[in-house]
Structures are given as structure tokens and as C-alpha cells.
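The values are calculated or read from the model by the stated rules, or taken from the named source; none is laboratory data. Fair warning: this is a prediction, and the values are worked out from it, not measured in the lab. Cβ atoms come from the backbone with ideal geometry, glycine included; neighbour counts cover every protein chain shown. These accessible areas exclude ligands, DNA and RNA; they are computed on the full protein's heavy atoms, side chains included. Shrake-Rupley method; radii C 1.70, N 1.55, O 1.52, S 1.80 Å.
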Amino acid sequence: MKYMLLLYASESEATNFTPEEQQTIAKEWQSLLKEAKTAGVLLANDGLAPITSATTVRVREGKTLTTDGPFAETHEQFGGYFMLNCQDLDEAIHWATKIPHARYGSVEIRPLWDQI
């Protein structure tokens, strides 16, 4: 089963990390990616540019409306994702607990639609 793990955190919190904390987290990310690749569950992973570069698109009554920014009612922003192929939700939760974001933000797990 394929699961998308959506990473949310406050962008302003990330700037509060000391250089030592940033180095520690970077090493944790590298270790996690290596472990997930070795386990054969990692299908894709990427981060997003800061929310200041976001554009929101809505279509209303046939008209396209664009707005600078994400404009979501939240204190945390969507910052990246992991696409995993896991046996079940329990395995997806196992991997989510290893993502550093889970300690200072949140990781939302969503199964992909099985369209077959």
C-alpha cells in the first residue's frame, strides 16, 4: 500500500535552531533517508520552498483566481513529503515516528487512492 506522509511545521520555528541543532537534524535526515531506501519503502521524498513563494489557485464560476501565499488557516505550513510503500498503516506510522518533523511539527499520513 502506498502512503504519503505530509510534513507540517512552523517555518519560523526552524530559524530558532542553533547551528549545532541544525547539524544534528541534518544527520538525522540523512540517516532516515538511507534507512528507508535500504528497507525498500521510500518511493519519493522532497521538500518545498518557503511559503512566501506559494500561489493559491481557485476556480469560481469559471474564473481563475490566484492569490500569493498558501492562505490556509494554520500555524504550521506544509513543508514536504515522503511517499512510502508500506505493508499497512502500522508500518507507515513506524516510519513517520522517525521523521524529525514529528518532534517539532506534525506528520500526516494519507493512503493513496487505489484506482485499480
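The accessible area of Glu76, taken with all protein chains in place and a 1.4 Å probe, comes to roughly 60 Å².
Ordering Thr97, Thr52, Thr18 by accessible surface, largest first, gives Thr52, Thr97, Thr18; the 1.4 Å probe counts only protein heavy atoms, with every chain in place. Here's the list of lysines a cross-link from Lys27 could span, going by alpha-carbon distance under 30 Å and ignoring same-chain residues fewer than 8 apart: Lys2, Lys37, Lys98.
If R0 is 41 Å, the Cβ-Cβ spacing of Thr67 and Thr38 corresponds to a FRET efficiency of close to 0.45.
Summary: within the chain, the longest segment free of chymotrypsin sites (Phe, Trp or Tyr not before Pro) located in DSSP loops with at most 14 other C-beta atoms within 10 Å is 18-70.
Using a probe of 1.4 Å, the accessible surface attributed to Lys2 totals some 100 Å² when neighbouring protein chains are kept in position.
Computed from point charges on the beta carbon alone (+1 for Lys and Arg, -1 for Asp and Glu), the dipole magnitude for segment 12-110 about its Cα centre is near 300 Debye. Adding -39500 (n - 2.57) for every DSSP H run of four residues or longer, then dividing by how many residues the chain holds, sets the calculated 222 nm ellipticity at -10000 deg cm²/dmol. Simple spin-label estimate for Leu89 and Thr56 gives 2.9 nm between the two label positions (7 Å along the Cα-to-Cβ direction from each Cα). Beyond 15 Å, what share of the Cα-Cα pairs of segment 1-87 remains, rounded to the nearest whole percent? So the portion of pairs separated by more than 15 Å is 71 percent.
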